[in-house]
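Worksheet: one structure, shown below.
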Amino acid sequence: MAGSSSGPGHGSLAVLGLGSNLPDRERWLDLGTSALLGPAVELVCATPRWNTVPRGAPPQPDYLNQLLLLRSELGGSEWLLRAEAAELLAGRRRGVAKGPRTLDVDVLLVEGERSATPRLTLPHPAILERPHLLAGAAAMVPSWRLPGYDMPISEIARMRLEGCWAGAVELRGGGGRREPE
């Protein structure tokens, strides 16, 4: 935010989601994380990586996902440009809607920001649609409030994960925890 000093411990927080479902998924997530970081961006924490089943998409491999909590002076639009640059660096080609990808980077939440433009919606609507995003965001920024909810995100996650999403996890062989995407 304007007026904040730069460096670790200053600036605002952002939650970004990374996913990959093409070969070398771990490498693509590592590359995406590295591309998002820089001298003015601090990695505060990261979720463990987990496998999710593609939803509403053509047949394709499962995703490997991770959320990052980052601190910087960047705003939502700047995070979007950085996310798109990371995807390009990973060779992402947009073609089939919801198709397989080397790297997908979503700007999920940016501290103190709301946006409803054709290019950027904050909070990202998928936060409330995908259990792994809601649970990860709630673990990282438990006291943040989403528009239209009179409770912290941690309480929304608790209610949703114990309620309508409870038992909705589809497990497959091959290891790794799997949740619907």
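Of all residue pairs spaced 6 or more apart or on separate chains, those with beta-carbon atoms under 7 Å, a first member in segment 99-125 that is farther than 20 Å from Gly11 by Cα and a second member that is surrounded by fewer than 17 Cβ atoms within 10 Å (Cβ to Cβ) and not hydrophobic (A, V, I, L, M, F, W, C) are Gly99/Pro58; Gly99/Gln60; Pro100/Gln60; Pro100/Pro61; Thr102/Gly91; Leu120/Ser77; Thr121/Ser115. Condition test on Trp28, is it at pLDDT below 95, more than 18 Å from Glu111 (Cβ to Cβ), crowded, with 17+ Cβ neighbours inside 10 Å and of a type outside the set (S, T, N, Q)? For Trp28, the condition - at pLDDT below 95, more than 18 Å from Glu111 (Cβ to Cβ), crowded, with 17+ Cβ neighbours inside 10 Å and of a type outside the set (S, T, N, Q) - is not met.
Residue pairs whose Cβ atoms lie under 8 Å apart, sitting 6 or more positions apart in sequence or on different chains, and linking a residue in segment 2-17 that is over 30 Å from Tyr63 (Cα atoms) to a partner that is modelled with pLDDT of 95 or more and β-branched (Val, Ile, Thr), do not occur here. Of all positions in segment 141-160, at least one carries a residue that is over 16 Å from the mean Cα position of the chain (by Cα), surrounded by fewer than 21 Cβ atoms within 10 Å (Cβ to Cβ) and at positive phi.
In this structure, is Arg49 under 28 Å from Pro152 (Cβ atoms), touching a Leu at 6+ places or on another chain (Cβ under 7 Å) and surrounded by fewer than 22 Cβ atoms within 10 Å (Cβ to Cβ)? Outline the logic, then answer.
Working: under 28 Å from Pro152 (Cβ atoms): yes; touching a Leu at 6+ places or on another chain (Cβ under 7 Å): yes; surrounded by fewer than 22 Cβ atoms within 10 Å (Cβ to Cβ): yes.
The answer is yes for Arg49.
Every listed requirement among (1) in contact with a helix residue (DSSP H, G or I) (Cβ under 9 Å, 6 or more places away or on another chain); (2) surrounded by 17 or more Cβ atoms within 10 Å (Cβ to Cβ); (3) under 17 Å from His132 (Cα atoms) is met by Pro54 save one, (1).
Taking the criterion of being aliphatic (A, V, I, L, M), more than 18 Å from Gly75 (Cα to Cα) and not in a loop (DSSP other than H, G, I, E, B), the residues of segment 19-50 that qualify are Leu29, Leu31, Ala46.
Scan segment 31-41 for residues that are surrounded by 18 or more Cβ atoms within 10 Å (Cβ to Cβ) and more than 13 Å from the chain's Cα centre (by Cα) and report the count. Outline the logic, then answer.
Quick first cut of segment 31-41, residues surrounded by 18 or more Cβ atoms within 10 Å (Cβ to Cβ) only: 31-33, 35-36, 41.
Checking which are more than 13 Å from the chain's Cα centre (by Cα) leaves us with 31, 35, 41.
Of the residues in that region, 3 qualify.
If the condition is being among the polar types (S, T, N, Q) and not in a loop (DSSP other than H, G, I, E, B), then segment 116-150 contributes only Thr121. Considering segment 85-96, and only residues there that are touching a residue at least 24 places away in the same chain (Cβ under 8 Å) and hydrophobic (A, V, I, L, M, F, W, C), the residue that is nearest to Asn21 (Cα to Cα) turns out to be Ala90. Checking Glu87, Glu113 one by one, the residue that is in a helix (DSSP H, G or I) and crowded, with 17+ Cβ neighbours inside 10 Å is Glu87 and no other. Of all residues in segment 67-84, none are without any contact (Cβ under 8 Å) to a residue 60 or more places away in the chain, of a type in the set (D, E, K, R), surrounded by fewer than 17 Cβ atoms within 10 Å (Cβ to Cβ) and farther than 25 Å from Ala116 by Cβ.
The values are calculated or read from the model by the stated rules, or taken from the named source; none is laboratory data. The structure presented is a predicted model; accordingly, all values stated were derived computationally and were not measured. So basically every Cβ, Gly included, is an ideal-geometry build from the backbone, and we count neighbours across all protein chains shown.
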